[in-house]
1. Looking at the chain, identify the longest residue range that excludes and avoids all trypsin sites (Lys or Arg not before Pro) in DSSP loops having at most 15 other Cβ atoms within 10 Å.
2. Here are labelled values, (1) 0.95; (2) 1.05; (3) 0.93, and one is the computed Rg/Rh (Cα atoms, Kirkwood Rh) for what I pasted. Which one?
3. More than 12 angstrom separation, counting every C-alpha pair in region 1-41; what % is that?
4. Which peptide among 32-38, 57-63 comes first, and what is the full order, when sorted by highest mean count of other Cβ atoms within 10 Å?
5. Rg to Rh ratio, region 90-168, alpha-carbon atoms and Kirkwood radius?
6. Work out from phi, with θ = phi - 60° and the Karplus expression 6.51 cos²θ - 1.76 cosθ + 1.60, the ³J(HN,Hα) of each residue of region 44-55, listed in order in whole Hz, and give x for Gly and Pro.
Amino acid sequence: MKIGILGDTHDHLPAIRQAVDLLNREADDLVLHTGDFISPFAIPVLAGFNGTVIGVFGNNDGDRELLKARCRESGNVRIEGNFFETEYDGHRIALHHGHEKALLADLIESGLFDLVVHGHTHQASVSSRGRTLVINPGEVCGYLTGFPTCGLYDTRSRKGVILPLPGE
């Protein structure tokens, strides 16, 4: 199974649409969002994914209650607070925005997870620490790096890749 990964969308609706379109082609039925949705109007665009979108709050997310309300209205988007863990296709996965550096380091170093997904730095990366794969999908918005990206994790091969988004 292929899990879509995105984050740091920062209200850039055209780029969010591009990411959703790409992940509708590349991912199976799950997308993880690392946070920094920013405003509730991003949620209906994310709901265009043909599966479930699960996210966590980032340090820049504003009206969290309204974000959650828009998620409930969407039918397929959820925000699970500041941290989320799950098991998917036999893989234990942790999701955190990454702005709490000590927590992120503990998640990675714990060895409890097959995959740790985070954002915050806007720098796309795939690395490993022991048996744990760590993926930062970069930034969908492209505001800081100029290179909008998202990611994909293949549970069969246990590999992650960074996917560039097409230009506007």
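The numbers here are math on the coordinates, done by the rules we state, and not lab data. Because the structure is a prediction, the values reported are computed rather than measured. Don't worry about glycine lacking a Cβ; one is built from the backbone with ideal geometry, like all the others, and counts go over all protein chains shown.
1. Details: sites that count: Arg131, Arg156, Arg158.
In the chain, the maximal stretch lacking such sites is 1-130.
2. (3)
3. On the way: 473 of 820 pairs.
Pairs farther apart than 12 Å: 58 percent.
4. Values: 32-38: 27.6, 57-63: 17.1.
Order by mean packing, descending: 32-38, 57-63.
5. Dividing the radius of gyration by the Kirkwood radius yields 0.98.
6. Result, rounded to whole Hz: x, 5, 4, 5, x, 6, 7, x, 9, 10, 10, x.
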